[in-house]
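Any read-out appearing in this document is the output of simple, stated calculations on the displayed coordinates, not a laboratory observation. From a predicted model like this one, the values you see are computed outputs, not experimental measurements. For neighbour counting, all protein chains shown are included, and Cβ atoms are generated from backbone atoms with ideal geometry for every residue, glycine included.
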Amino acid sequence: MDYFTIEIGGSAIACFRSENDEDAKHFFEAEDFREDLTILESQGKPVWDGVTAITLRKATSEEASEVEHAYEFDDDPSRTIDDEFVVFLIPISDMDDEDETEA
């Protein structure tokens, strides 16, 4: 397994594990994932505006450690280490969650 980092506008925002470069690229280019990045917020703004450059690269050892740490503390007993698992490297909130709490 290799670790990959997604950058938006040159800033690392998320890290994940993948079997190989091709699988990582497939996940990175998935429309559902990219849509999620426009729904999730960091510090009151969408993580991705849908326009700013978004890139994929090999993760640094520190970024890979964040993923390993998250696996260790994941409380979903049905999840295995082979499941898709994205670790955000920035604070995240979901705009939909905020809408529900305001209602």
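Efficiency by 1/(1 + (r/R0)^6): what FRET value for residue 29 and residue 90, r their Cβ-Cβ distance, R0 = 22 Å, to the nearest 0.05? Intermediate values should be presented prior to the final figure.
Working: r = 21 Å, r/R0 = 0.94.
Computed FRET efficiency for residue 29 and residue 90: 0.60.
Using the number of other C-beta atoms within 10 angstrom as an exposure proxy, rank 65, 11 with the fewest first. Can you show the working numbers first?
Numbers: 65 14, 11 10.
Going from sparsest to densest Cβ surroundings: 11, 65.
Listing 90, 6 from fewest to most neighbouring C-beta atoms within 10 Å gives 90, 6.
Extension gain for the segment residue 53 to residue 36, taken as residue separation times 0.36 nm less the Cα-Cα distance, is 4.5 nm to one decimal.
Under 5 Å between amide hydrogens, built in the peptide plane, is the criterion, and for residue 41 it picks out 47, 93, 94, 95 among residues at least 5 positions away or on other chains.
Can you compute the FRET efficiency between residue 45 and residue 1 using 1/(1 + (r/R0)^6), with r the Cβ-Cβ distance and R0 = 30 Å? Round to the nearest 0.05.
Working: r = 32 Å, r/R0 = 1.06.
Result of the calculation: an efficiency of 0.40.
Near the amide H of residue 59, within less than 5 Å, lie the amide hydrogens of 3, 4, 5, all on another chain or at least 5 residues away, with H placed in the peptide plane.
The 3J(HN,Hα) values that the Karplus relation (6.51, -1.76, 1.60; θ = phi - 60°) gives for the stretch 58-72 are, in residue order, 5, 6, 6, 5, 5, 5, 4, 4, 4, 5, 4, 4, 5, 4, 4 Hz. Gly and Pro appear as x.
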